[in-house]
Amino acid sequence: MMSKSVQSVKYSNNTNGFIKVCLLLFVAIFSCSQPDKGSKEDKRYNIVFIAVDDLRPDFGAYGGYAKTPSIDQLASSGTVFNNHYVQVPTCGASRYSLLTGLYPTTTRHLKNEAIEWFVSNEPEKETPESMVHLLKKNGYYTVGIGKIGHSVDGLLYGYEESPEGAKAELPYSWNEFLFDSDKWGTGWNAFFGYSDGSNRQGKKKQVKPYENADVSDRSYPDGITADLAVNKIGELAHQKKPFFLGVGFFKPHLPFTAPKKYWDLYSEDNIPLSPSPDIPEGINVASLHNMAEFNSYELGDEKAVLGESLSDNYSRKLRHAYYSSVSYVDAQIGKVLAELDKQGLTDNTIIILWGDHGWHLGDHRIWGKHTNFEVALRSPLIVKVPKMKPRYIGNGTVVSSVDIYPSLMEWCKIPVDFPLDGQSLAKLISNGEDSERENLAFSYFNKGISMRNKRYRLTRYFRNENPVIELYDHNLDSLESKNIAEEKPEIVEQLMRLWEKGNTGLFDL
């Protein structure tokens, strides 16, 4: 039975720009999955979901370069998915698929505004607006901090607009939503902010894509977000209801900013360059892009273009800045995990660390996301479920962001009576394998649908520029440096039958 609620939404800004969205609900929920009314305490698992923007699996737990002791410690006690793929390689659309558990079915689902267009303005319905909403309807206390959807503070407003009076991005999902914009004044200013309180918008793009000021963690937004999360965990530890806490960190999204102490973890001369710096053989450059996001930081040392690679010196500097940002956000994640331990919550809490997509660090001559190549579509997924032993899920087992929604509901014993596109990860985590699982992942962008299985990536584009089919054999070419579709038509024919399973019709004329 659908819940009936009276909702009062309060937005308030203090002198430091602190935005708090409190959803005060008087809810009558009738569900067979709810604990008995006479029960004094609900012992179901808590959930801490950590979203990290633009994080590629290029750090310790994945055998990569960035130094991430906190994430590595989580990985050592959880399940690491080596081949996790997002549905869309852009922030807002990737998060839409994650939160709804659905593949995109229109080209508008591929935009950063997908949540705003398809969720934010809808009335409350029997089908929940998000996985967070379903948890809330089933007795969870839900708190969001930072960037969980595309909005960086839970509110809908433009990059250069005021959040005053703005609507909630997910109006029925949260009991509370917290963000402190501090010296930057608004969430979007903070997102594109520098340590002196300036931002890309205010500087009219006359900024560099990196910064390494000799400042404290709180001089950049993620340090403040970590402190908010730590304080909130202390509060949640004393309530009787299970909770969902979503914490969304900004870094390593551009600009690559981090306190100098994280920059000093690396020697720039020793930082490796991309092992795949050239445009893949046998493709059309329409499969790539002109790096508008990266070049919007107009004081960068060099402009990125497809015609030639950036210099080795500047490439190393940019990779240095990216890895420093990763180490910075790792330290903030460590604070959240340490507080869970301190409050005695770890043993009854599902912890998920998720990257919303990967990022080309000069790979295929690209600086950015927004492609259908492995490096943009593959991102970290680490899941720690109480009482489950640590695992590494590799050997070509592919999983998707849409798999998180049904997995959480299975672990939390919440029935789902509406369609989802994902497959539960529960058997993989408990047994290390799942013989019933379909080993395919689908991603969508740039007029193309890309399928990944154990060995191959097959991408078909709906465009005039040829070739429209790309095939990469990951057993022989894990860097996707050569399109072999023309050489292997029989494999393309076989894989196209599987590819059709992910064709939702979004590019149909």
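Results, tabulated for the structure shown:
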| read-out | value |
| --- | --- |
| Test: PRO221 is closer than 24 Å to GLU298 by Cα and within 18 Å of the chain's Cα centre (by Cα) | yes |
| Which listed residue is at pLDDT 95 or above, in a helix (DSSP H, G or I) and either of a type in the set (A, V, I, L, M, F, W, C) or under 22 Å from GLY396 (Cα atoms) (or both), from VAL119, VAL88 | VAL119 |
| Residue within the range 141-151 that is of a type in the set (Lys, Arg), in a loop (DSSP other than H, G, I, E, B) and either crowded, with 24+ Cβ neighbours inside 10 Å or at positive phi (or both) present | yes |
| Whichever residue in the range 162-216 is in contact with a Ser or Thr (Cβ under 6 Å, 6 or more places away or on another chain) and among the polar types (S, T, N, Q) and, among such residues, is surrounded by the most Cβ atoms within 10 Å (Cβ to Cβ) | SER173 |
| Identity of the residue in the range 432-458, in contact with a strand residue (DSSP E or B) (Cβ under 9 Å, 6 or more places away or on another chain) and over 16 Å from ASN83 (Cβ atoms), that ends up surrounded by the most Cβ atoms within 10 Å (Cβ to Cβ) | TYR444 |
| Pairs, first without any contact (Cβ under 8 Å) to a residue 24 or more places away in the chain in the range 176-190, second polar (S, T, N, Q) and surrounded by 22 or more Cβ atoms within 10 Å (Cβ to Cβ), C-beta under 8 Å, six or more apart | ASN189/SER181 |
| Output for the range 294-334, where each listed residue is under 14 Å from TYR210 (Cα atoms), part of a helix (DSSP H, G or I) and among the hydroxyl-bearing types (Ser, Thr, Tyr) | TYR314, SER315, TYR322, TYR323, SER324, SER325, TYR328 |
| Lone qualifier among LEU353, LEU337, LEU408, LEU428 - being of a type in the set (A, V, I, L, M, F, W, C) and outside any helix (DSSP H, G or I) | LEU353 |
| Residue within the range 420-431 that is touching a Phe, Trp or Tyr at 6+ places or on another chain (Cβ under 7 Å), at pLDDT 95 or above and at positive phi present | no |
| Every pair of residues 6+ apart whose Cβ atoms lie under 8 Å, when the first sits in the range 99-125 and is on the phi > 0 side of the Ramachandran plot while the second is part of a loop (DSSP other than H, G, I, E, B) and not polar (S, T, N, Q) | GLY101/LEU420; GLY101/ASP421; GLY101/GLY422 |
| Any hit, the range 274-291, residues being touching a residue at least 40 places away in the same chain (Cβ under 8 Å), in a helix (DSSP H, G or I), surrounded by 14 or more Cβ atoms within 10 Å (Cβ to Cβ) and within 19 Å of the chain's Cα centre (by Cα) | no |
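The values are calculated or read from the model by the stated rules, or taken from the named source; none is laboratory data. Everything numeric in this text was worked out from a predicted model, so none of it was measured. Note: ideal-geometry Cβ built from the backbone for every residue, glycine included; neighbour counts use all protein chains shown.
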